[in-house]
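Peer 1: This structure is in structure tokens; I'll ask about it shortly.
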Amino acid sequence: MAATKRTMKANLINKRAWDSILAKVKDLVEQGMTYSAIGKMLGKSPATVNRWVTTGVGGDSTPFVNMLQYMEALGLKWGDIVENLEPAACGYGYVRKVQAKLGAGSSLITNGDLEGMYAFRQDFINEMGGNPESLVMFDVIGASMEPTIPDGSTVLVNLRDTSIRSGLIYAVRVNDELLVKRLIQEPGRLLCHSDNPTFGDTVIDGENPNFEVFGRVRWLAKRM
């Protein structure tokens with residue numbers, strides 16, 4: 001029953017997000033912005049934007065992670081989407097969890113779709129970064145960060161905390177893998193360190209276009 005309720009809520013959030021995006025796009029068209037200009041803003045073709053406006057179709061086939069990108073480009077607020085979803089107790093905020101798995105010694109598994117919204121106390125959210133829109137949760141697969149982060153844990157990542165501080169744990173992209181690693185700065189290079197000594201480290205030399213920091217891991221949940 002709980003899983004069904006989360007799915008229903010996720011579907012409602014998807015619909016709200018898409019309706020807000022579509023309304024904003026239509027508003028821009030009414031203001032005189034061309035399909036080409038809107039498409040450039042969103043990374044979509046003019047024909048796609050035209051189809052959205054004329055048919056309203058697109059939300060069912062748009063991954064939620066893309067909706068988040070469109071919302072940011074259009075200046076839409078995440079809080080407006082989840083507002084009044086339920087009579088949540090005062091002092092709580094929603095953090096999204098998406099179906100992207102951070103690999104800890106395994107390959108990338110992700111489709112970016114919304115899995116659900118989870119309520120946290122606002123004081124906890126403030127401690128983690130202060131803004132629910134900058135926080136996201138993923139599942140971790142693999143044993144390379146054990147015992148710190150056991151296989152199957154869920155981590156909370158602050159997407160705005162991308163400045164590397166040596167010794168802290170981050171969600172990163174290395175080539176085509178999305179990983180969670182402890183980053184250690186050394187002269188002229190960066191180590192993506194595995195806390196599990198049976199796994200090796202990945203060395204990033206200088207400026208590497210195949211390396212990207214998505215955010216800092218701030219919290220984890222695990223099964224007992």
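Peer 1: If E115 satisfies all but one of (1) surrounded by 15 or more Cβ atoms within 10 Å (Cβ to Cβ); (2) free of Cβ contacts under 8 Å to residues at least 24 places away in the same chain, what's the number of the condition it fails?
Peer 2: Result: E115 fails condition (2) only.
Peer 1: In the set G93, G130, which member is under 30 Å from K24 (Cβ atoms), at pLDDT 55 or above and surrounded by fewer than 18 Cβ atoms within 10 Å (Cβ to Cβ)?
Peer 2: G130
Peer 1: Does Q99 satisfy the criteria of being within 30 Å of T202 (Cα to Cα), at pLDDT 70 or above and not charged (D, E, K, R)?
Peer 2: Against the criterion (within 30 Å of T202 (Cα to Cα), at pLDDT 70 or above and not charged (D, E, K, R)), Q99 qualifies.
Peer 1: Considering E207, E127, E133, which residue is more than 22 Å from V95 (Cβ to Cβ), of a type in the set (D, E) and either assigned by TED's automatic domain parsing to the domain that holds I13 or not in a strand (DSSP E or B) (or both)?
Peer 2: Checking each option against the conditions leaves just E207.
Peer 1: So, one more: Quick check on my filter: what residues within segment 16-75 are free of Cβ contacts under 8 Å to residues at least 40 places away in the same chain and among the polar types (S, T, N, Q)?
Peer 2: Matches in segment 16-75: Q31, T34, S36, S45, T48, N50, T54, T55, S61, Q69.
Peer 1: Can we say V155 is touching a Ser or Thr at 6+ places or on another chain (Cβ under 9 Å), β-branched (V, I, T) and assigned to a strand (DSSP E or B)?
Peer 2: The answer is no for V155.
Peer 1: When segment 143-153 is examined, which residues are found to be more than 20 Å from G200 (Cβ to Cβ) and surrounded by fewer than 18 Cβ atoms within 10 Å (Cβ to Cβ)?
Peer 2: Residue satisfying the conditions is G152 alone.
Peer 1: Checking R189 against (1) exposed (fewer than 14 other Cβ atoms within 10 Å of the Cβ); (2) modelled with pLDDT of 90 or more; (3) within 16 Å of I141 (Cβ to Cβ), only one condition comes out false. Which one?
Peer 2: R189 satisfies all of (1) exposed (fewer than 14 other Cβ atoms within 10 Å of the Cβ); (2) modelled with pLDDT of 90 or more; (3) within 16 Å of I141 (Cβ to Cβ) except (3).
Peer 1: Being at pLDDT 75 or above and buried (at least 17 other Cβ atoms within 10 Å of the Cβ) is the filter here; which residues of segment 67-85 pass it?
Peer 2: M67, L68, Y70, M71, L74, L76
Peer 1: Filter segment 1-23 for residues that are over 18 Å from K97 (Cα atoms) and surrounded by 17 or more Cβ atoms within 10 Å (Cβ to Cβ); which is modelled with the lowest pLDDT?
Peer 2: S20
Peer 1: Considering only residues that are in a strand (DSSP E or B) and at pLDDT 95 or above, which ones fall in segment 159-180?
Peer 2: Result: I169, Y170.
Peer 1: OK, next. Got a number for residues in segment 212-224 being modelled with pLDDT under 90 and either buried (at least 16 other Cβ atoms within 10 Å of the Cβ) or small (G, A, S) (or both)?
Peer 2: So the answer is 1.
The values are calculated or read from the model by the stated rules, or taken from the named source; none is laboratory data. Note that the coordinates shown come from a computational prediction; the quantities given were computed from them, not determined experimentally. Quick reminder, even Gly has a Cβ in these numbers, built from the backbone with ideal geometry, and neighbours come from all protein chains shown.
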